[in-house]
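Visitor: Take a look at the following structure, please.
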Amino acid sequence: MSAGRPSIVGDDAGPSPPYPLKMEGKVISGFGRGSKEASHPIPDAHGLGIPTANLPVDESTTPWIADAKSGVYFGYASLSHPPTPTTTSPSPDSSSHPPTASFRIFPMVMSIGYNPFYKNTIRSAEVHILHRFDADFYGSHMRLLILGYVREELDYTTLEALVADINFDCEVARKSLARKGWAPRKGVVVKDGEGNGGEVADVDGTLDVDWLVTPL
Ligand code: ADP
Ligand code: RBF
Ligand code: MG
């Protein structure tokens, strides 16, 4: 439940071990429940209105994942050649990104586990990026810098309760990442950031995110 849980996670100084955890791979199809009806005003059995980019759960490329607790995590995602974002103003951040070449960095919240609400039998890793995209990006290379753990996966009696909790997770990520020790230097994170109700703060931080933008 979102009621009563903290909206900021982790020490102000920055992530502590075992974080940051890294994971990468090509975005694959998931269970088709995240956003299929995103245009629908009311979330229903056809979709949550919360798209999640799925990565393969592969212990050979992501050794830590076998022992990782199931649950909700947050941090940053980078995407190679993501689709041009929807902007309401003339793209203010495009000029501040040339050093990062083809990778762009976004805040994210993710779930690792079995989605007890849906009783999955396969463990999945799915990432909701706090950004609104014009198009899908299946097949793009995605890297994750996971910085902290938010909560355990829960079962819910209604879809609305699941969606409300995920929306609160997004707020936790946004607030937790808006601190110096949790943010890279100013201008590095893409932030038209209106995805899922809220702005991404423009923090000038000290977090090392070089791995996220290392060329393939
Ligand atoms: P699937 O079950 O195939 O994962 P979803 O309904 O969860 O389908 O939609 C996920 C796809 O939506 C992602 O793979 C990506 O291509 C696209 N997408 C668009 N916007 C976002 C976003 N903000 N976060 C994550 N994925 C997004
Ligand atoms: N599924 C659950 O069954 N229980 C959860 O507590 C839960 N938390 C989630 C938190 C976040 C931040 C995200 C992105 C997903 C979460 N999910 C959870 C998964 C959700 O059910 C899944 O994204 C959809 O089923 C689409 O695959
Ligand atoms: Mg998905």
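Visitor: Out of S35, S39, S16, S7, report the one residue that is out of contact with any Asp or Glu (no Cβ under 8 Å at 6 or more places or on another chain), modelled with pLDDT of 95 or more and either open to solvent by 40 Å² or more (accessible area, probe 1.4 Å) or under 24 Å from L154 (Cα atoms) (or both).
Guide: S16
Visitor: Hey, another quick one. Name the single residue that is modelled with the lowest pLDDT among those in segment 42-60 being closer than 18 Å to M108 by Cα and in a loop (DSSP other than H, G, I, E, B).
Guide: Applying the filter and picking the extreme gives L48.
Visitor: Just name the residue that is farthest from ligand 3 (Cβ to nearest atom) out of those in segment 68-87 that are open to solvent by 40 Å² or more (accessible area, probe 1.4 Å) and at pLDDT below 95.
Guide: T87
Visitor: Another question, if that's okay. Go through segment 102-143 and report how many residues are of a type in the set (A, V, I, L, M) and either touching an Asp or Glu at 6+ places or on another chain (Cβ under 7 Å) or within 10 Å of ligand 1 (Cβ to nearest atom) (or both).
Guide: Qualifying residue count for the region: 8.
Visitor: Continuing with this model, one more query. What's the number of the only condition in (1) touching a residue at least 24 places away in the same chain (Cβ under 8 Å); (2) closer than 18 Å to P56 by Cα that D134 fails to meet?
Guide: Evaluating D134 over (1) touching a residue at least 24 places away in the same chain (Cβ under 8 Å); (2) closer than 18 Å to P56 by Cα leaves (2) as the failure.
Visitor: Go through segment 105-123 residue by residue and tally those that are on the phi < 0 side of the Ramachandran plot and more than 7 Å from ligand 2 (Cβ to nearest atom).
Guide: Selection size over segment 105-123: 10.
Visitor: Return the only residue of P63, P92, P99 being more than 16 Å from ligand 1 (Cβ to nearest atom), at pLDDT 55 or above and over 15 Å from the mean Cα position of the chain (by Cα).
Guide: Answer to the selection: P63.
The values are calculated or read from the model by the stated rules, or taken from the named source; none is laboratory data. Computed from a predicted structure; not experimentally measured. A quick note on method: Cβ atoms are made from the backbone with ideal geometry, for glycine too, and the neighbour counts reach across all protein chains shown. With ligands, DNA and RNA removed, areas are computed over all heavy atoms of the protein, side chains included. Shrake-Rupley method; radii C 1.70, N 1.55, O 1.52, S 1.80 Å.
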